[in-house]
Amino acid sequence: MKLRISFSTLLIGLFVIIVLLAIFILRSGKPANERNPEISSVAARSPRENIREIQIRAKQFSFSPNQIKLKLNEQVKFLITSEDVTHGFSLPDFGIDQAIEPGKETMVDFHASRKGTFSFVCSVTCGTGHSGMRGTIIIE
Ligand SMILES: [Cu+2]
């Protein structure tokens with residue numbers, strides 16, 4: 001009985017989350033030219049903007065790639081996913097700190113506004129190797 005109640009509560013909770021996600025995606029996902037914003041298609045995402053999209057995968061305890069080279073003044077979009085638990089994508093030199101939750105793609109717009117080598121790190125404690133979870137962005 002007790003198990004049954006908590007299971008149905010879980011189902012209702014999941015249903016509510018799915019509905020909220022669907023509403024969120026429908027409201028925010030439409031590009032200006034009203035193409036179908038298919039998540040897996042990079043080309044459909046920003047067909048007109050000249051913005052490079054860079055996929056980053058986070059997992060315990062690394063980022064892939066862990067070195068990203070950009071040109072000065074390049075405008076890019078990081079598309080970050082987690083393969084396991086919640087991680088963070090923190091680029092302190094540019095004031096970026098974004099949670100990366102598993103099961104969805106998190107977009108971070110980035111303007112390479114100055115030259116240098118900058119560290120990005122995981123900002124959500126994710127296990128024993130968390131402090132070694134880092135990478136660099138090289139802007140030249
Ligand atoms: Cu971490």
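Descriptive notes on the structure:
A quick yes/no check of all residues on (1) assigned by TED's automatic domain parsing to the domain that holds residue 62; (2) among the aliphatic types (A, V, I, L, M); (3) surrounded by 14 or more Cβ atoms within 10 Å (Cβ to Cβ):
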residue	(1), (2), (3)
103	yes, no, no
106	yes, no, yes
110	yes, no, yes
124	yes, yes, yes
132	yes, no, no
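- Scanning region 65-87 for residues that are part of a strand (DSSP E or B), away from the ligand (no atom under 11 Å from the Cβ) and surrounded by 12 or more Cβ atoms within 10 Å (Cβ to Cβ) yields 68, 69, 70, 75, 76, 77, 78, 79, 80, 81.
- Taken over region 87-124, the residue count meeting the criterion of being of a type in the set (Val, Ile, Thr) and over 14 Å from residue 63 (Cβ atoms) is 1.
- Tally, over region 122-140, of residues that are assigned to a strand (DSSP E or B) and more than 16 Å from the ligand (Cβ to nearest atom): 4
- Scanning region 93-116 for residues that are within 15 Å of the ligand (Cβ to nearest atom) and either assigned to a strand (DSSP E or B) or among the hydroxyl-bearing types (Ser, Thr, Tyr) (or both) returns 97, 98, 99, 100, 106.
- Restricting 119, 90 to those that are surrounded by 14 or more Cβ atoms within 10 Å (Cβ to Cβ) and either away from the ligand (no atom under 15 Å from the Cβ) or assigned to a strand (DSSP E or B) (or both) reduces the list to 90.
The values are calculated or read from the model by the stated rules, or taken from the named source; none is laboratory data. What you are looking at is a predicted structure, and each value in this text was computed from that prediction instead of being measured. Glycine also receives a Cβ, built like all others from the backbone with ideal geometry; neighbour counts cover every protein chain displayed.
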